[in-house]
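S.K.: Sharing a structure with you now.
The values are calculated or read from the model by the stated rules, or taken from the named source; none is laboratory data. Model, not experiment: these values are computed from the prediction. All Cβ positions, glycine included, derive from the backbone under ideal geometry; neighbour counts span all protein chains shown.
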Amino acid sequence: MSATESDAGMSADYVRIFDTTLRDGEQSPGCTMNVEEKVAIAQQLERLNVDIIEAGFAASSPGDFESVRRIAEALTNPTILSLSRTRDEDVDAALRAVERSKRPGIHIFIATSDIHMKYKLNMTREDVLDAATVAVRRAKQHLDYIEFSCEDASRSDWSFMAKVCSEVIRAGARIINLPDTTGHAIPSEYGEMFDYMRAHVEGAEKVIWSAHCHNDLGLAVANSLAAISHGARQVECTLNGIGERAGNTSMEEVVMALKTRRDLMKVDSRVNTRQIYPASRLLAQIIGQPVPANKPIVGDNAFAHEAGIHQDGVLKNKLTYEIMRPEDIGIPSNKLVLGKHSGRHAFVNRLRELGIDPATIDVQKAFAAFKELCDKKKVVYDDDILALANEERRTADAFEIVDLEVGSSSGTEPRARVSLRIEGQTHTAEATGDGMVDACYKAIYRIVGLTPALERYAVKAITGGTDALGEVSCMLRENGMTVAGQGAHSDIVMASALALVNALNRLKARRSSLETRPLGGP
């Protein structure tokens, strides 16, 4: 991108969407993703037309570095960033990770609040100012797209923060981010902070001001909208609002608030909103964490009407109780999309319509699974196809189910016999338990030699009917590590086994990588 194109893009009056699902979002307990899964999410974010993707924290681990590198190489349109502390080794790792991107960038941060400087960094204000400017100058030698964040900005001294921002702008920063790192701010004070900084920072008119909010008080979206009203033109957010603690600003909520209330906000994003629902469902299936039914925009109840007076009004005119159309966010109609006589070509086309790149899955296996499901079900829905595609996206797993046999009757204890393939060898174990799922899980634990705590187990039917494809999600914890797993199958016991094995594969991958990720950041 030329300097002229870059400057024009920087000055255009729209809200840039900076997606940090793959960095800040992944720090949410149980939301760890492998490289292939991150690439799949990044490709969907590109279909969403987000402006910037924070692909990871390259210096934190070899796995994160590889994820950032792969995403940087795979995508064309978004700017690809790596997060970086002000340390030389962090900056250098981030620069190496994005060097093959068509639009590379770096996101440098350091805390500016007194509590963080004293207790976390053990640094003086002068130390922080020096570290920030040196890091930005170092990055500026290699690329132009530099974002700088004052971590814990909402609890920082505004005059000191203005000095830091003035210096990093002079050193080459082009985006200044003022994060509400702890979710401490309320909209009025957060907006006022942007007014103060834009008035007191030297060179404020040369940069884009960015908001990064956490949801500890349930105000992340409100604070982000307040920042926009006070001059911010970038919002940092995540799909489904995932993130540390109570999560980050929900991307879909901010985008649809701007679109729906453009009369008040006077500015919009460039997101392709019809890709919101596929993106939300893809993330939920990959991380094994269902979207809450009452989640705004993408929850199952977001466009549902139970009360009779609401139903009557909607039947007469949808605008009585619906401020958005389901199709505007890409919600598929709940109808038969394909049947047992559908061919492979039609199946592949439907995958693309649902936001799935056929190159990211084993299409032949997915199509075979689809045909098998058609024989079992009267109706196959879009969500069924999404679930099948996610099952086929998984590769290079350490544990793989070969066979599952369960039995139960009113007079005998439930039992299970499970066979797993591990490193090319098939291992079998039997167990009894308090129900067939419990027996199945005990047999699997015997084979793999792991006994993590099962912290969550949830079952839901992906669509209606007794023949529905069942989706199971579970969460495991071992030695402070939390992982989630997801499985889908027409047999709920098999879905449960798939979910557990998926979680165990994630747990094994995390254990073997010996990650020492420095959690934190804006």
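S.K.: For segment 174-199, give me each residue that is closer than 24 Å to Ile52 by Cα and β-branched (Val, Ile, Thr).
M.R.: Ile175, Ile176, Thr181, Thr182
S.K.: Exactly one condition in (1) closer than 23 Å to Ala93 by Cβ; (2) in contact with a strand residue (DSSP E or B) (Cβ under 9 Å, 6 or more places away or on another chain) is false for Arg198; which is it?
M.R.: (1)
S.K.: So which residues in segment 340-355 are closer than 24 Å to Lys376 by Cα and either touching a residue at least 40 places away in the same chain (Cβ under 8 Å) or outside any helix (DSSP H, G or I) (or both)?
M.R.: Lys340, His341, Ser342, Gly343, Leu354
S.K.: Looking at segment 363-380, is at least one residue in a helix (DSSP H, G or I), at pLDDT 70 or above, within 22 Å of the chain's Cα centre (by Cα) and surrounded by fewer than 19 Cβ atoms within 10 Å (Cβ to Cβ)?
M.R.: No, segment 363-380 has no match at all.
S.K.: Could you list, in sequence order, the residues of segment 107-121 that are outside any strand (DSSP E or B) and either over 12 Å from Arg155 (Cβ atoms) or not β-branched (Val, Ile, Thr) (or both)?
M.R.: Answer for segment 107-121, where residues must be outside any strand (DSSP E or B) and either over 12 Å from Arg155 (Cβ atoms) or not β-branched (Val, Ile, Thr) (or both): Ser113, Asp114, His116, Met117, Lys118, Tyr119, Lys120, Leu121.
S.K.: Still on this structure: Got a number for residues in segment 396-427 being among the hydroxyl-bearing types (Ser, Thr, Tyr), under 23 Å from Ser490 (Cα atoms) and either surrounded by 12 or more Cβ atoms within 10 Å (Cβ to Cβ) or at pLDDT 90 or above (or both)?
M.R.: Result for segment 396-427: 2.
S.K.: Sticking with this one: Quick one: how many residues across segment 418-455 are in a strand (DSSP E or B) and free of Cβ contacts under 8 Å to residues at least 60 places away in the same chain?
M.R.: 14
S.K.: Considering only residues that are part of a strand (DSSP E or B) and not small (Gly, Ala, Ser), which ones fall in segment 484-507? Don't jump to the end; show me each part of the working.
M.R.: Our first condition is that a residue be part of a strand (DSSP E or B); within segment 484-507, this holds for 484-489.
Residues satisfying the conditions are Gln486, His489.
S.K.: Name the residues in segment 143-167 that are surrounded by 20 or more Cβ atoms within 10 Å (Cβ to Cβ) and touching a residue at least 60 places away in the same chain (Cβ under 8 Å), would you?
M.R.: Tyr145, Glu147, Ser149, Glu151
S.K.: Also, quick follow-up: Based on this model, can you work out whether Asn223 counts as surrounded by fewer than 21 Cβ atoms within 10 Å (Cβ to Cβ) and either assigned by TED's automatic domain parsing to the domain that holds Val459 or touching an Asp or Glu at 6+ places or on another chain (Cβ under 9 Å) (or both)? Talk me through it step by step, then tell me what you get.
M.R.: Details: surrounded by fewer than 21 Cβ atoms within 10 Å (Cβ to Cβ): no; either assigned by TED's automatic domain parsing to the domain that holds Val459 or touching an Asp or Glu at 6+ places or on another chain (Cβ under 9 Å) (or both): yes.
It is false that Asn223 is surrounded by fewer than 21 Cβ atoms within 10 Å (Cβ to Cβ) and either assigned by TED's automatic domain parsing to the domain that holds Val459 or touching an Asp or Glu at 6+ places or on another chain (Cβ under 9 Å) (or both).
S.K.: Test Arg350 against the stated conditions and say whether it is of a type outside the set (Val, Ile, Thr) and modelled with pLDDT of 80 or more.
M.R.: Yes; evaluated as a whole, the condition is true for this residue.
S.K.: Right, here's the next one. Within segment 456-470, work out how many residues are assigned to a strand (DSSP E or B) and modelled with pLDDT under 85.
M.R.: 3
Here is a yes/no grid of residues against (1) over 21 Å from Gln43 (Cα atoms); (2) of a type in the set (Lys, Arg); (3) at pLDDT 95 or above:
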position	(1), (2), (3)
Thr238	no, no, yes
Val255	no, no, yes
Leu258	yes, no, yes
Arg262	yes, yes, yes
Arg274	no, yes, no
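S.K.: Now a separate question. Please verify whether Ala40 is modelled with pLDDT of 95 or more and touching a helix residue (DSSP H, G or I) at 6+ places or on another chain (Cβ under 6 Å), treating the condition exactly as stated.
M.R.: It is false that Ala40 is modelled with pLDDT of 95 or more and touching a helix residue (DSSP H, G or I) at 6+ places or on another chain (Cβ under 6 Å).
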